[in-house]
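The next block holds one structure in the form of structure tokens; read it before the comments.
The values are calculated or read from the model by the stated rules, or taken from the named source; none is laboratory data. All figures in this text were calculated on a predicted structure; none of them were measured in a lab. A quick note on method: Cβ atoms are made from the backbone with ideal geometry, for glycine too, and the neighbour counts reach across all protein chains shown.
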Amino acid sequence: MFYFLPHLSNGWQVDQAILTEEERVVILRFGHDWDPTCMKMDETLYGVAEKVTNFAVIYLVDITEVPDYNKMYELYDPCTVMFFYRNKQIMIDLGTGNNNKINWSIDDEQELIIIINAVYCGARKGRGLVVSDKDYSTKYEY
């Protein structure tokens, strides 16, 4: 279990985290703490947490403990990262076809900071869909 990042243990806490944050992007990692993919992503999230604290807040949600969002957000992958800003889901086009979420582990902290910054800047401008600088559709080719 990754103890350094705050865990949300029920649906009400998840709703409050999304609803009450007015100025920062809320990043929710849905998954299991014991899953290897989530462990890698949690390490990266922990590494960037302090660097992005001015414009983002990160929470972890166990999809077994809090199953309320599994159907709503189609949480079928081992690890899913979603972004919210002022009670609105911010979609991000990473070139993968799934604009709702990131459903793989990002190992590079700088890449994740760039993605979070793009989401924050786009969300502040009122955009519901942000386009990433990097195309991840070819991530397995190099």
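Tabulated results
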{"item": "Which listed residue is touching a Pro at 6+ places or on another chain (Cβ under 7 Å) and either surrounded by fewer than 19 Cβ atoms within 10 Å (Cβ to Cβ) or at negative phi (or both), from Cys79, Cys38", "result": "Cys38"}
{"item": "Considering residues of region 105-142 that are touching a Phe, Trp or Tyr at 6+ places or on another chain (Cβ under 8 Å) and at pLDDT 85 or above only, the residue farthest from Leu45 (Cα to Cα)", "result": "Arg124"}
{"item": "One residue from Val61, Val14 being free of Cβ contacts under 8 Å to residues at least 60 places away in the same chain and either touching a Cys at 6+ places or on another chain (Cβ under 9 Å) or in a strand (DSSP E or B) (or both)", "result": "Val61"}
{"item": "Criterion (over 25 Å from Gly122 (Cα atoms) and touching a residue at least 60 places away in the same chain (Cβ under 8 Å)) met by exactly one of Lys51, Lys40", "result": "Lys40"}
{"item": "Any pair with Cβ under 7 angstrom, 6 or more apart, that starts in region 86-110 at a residue that is among the polar types (S, T, N, Q) and ends at one that is surrounded by fewer than 16 Cβ atoms within 10 Å (Cβ to Cβ)", "result": "Asn87/Leu19; Thr96/Ser137; Asn99/Asp93; Asn99/Leu129; Ser105/Lys40"}
{"item": "Residues (surrounded by 20 or more Cβ atoms within 10 Å (Cβ to Cβ) and among the aliphatic types (A, V, I, L, M)) located in region 9-35", "result": "Val14, Val25, Val26, Ile27, Leu28"}
{"item": "Test: Met82 is among the hydrophobic types (A, V, I, L, M, F, W, C), outside any helix (DSSP H, G or I) and over 26 Å from Phe4 (Cα atoms)", "result": "no"}
{"item": "Complete set of residues in region 25-47 that are modelled with pLDDT of 95 or more and part of a loop (DSSP other than H, G, I, E, B)", "result": "none"}
{"item": "For Ile116: the one exception among (1) over 17 Å from Leu5 (Cβ atoms); (2) assigned to a helix (DSSP H, G or I)", "result": "(1)"}
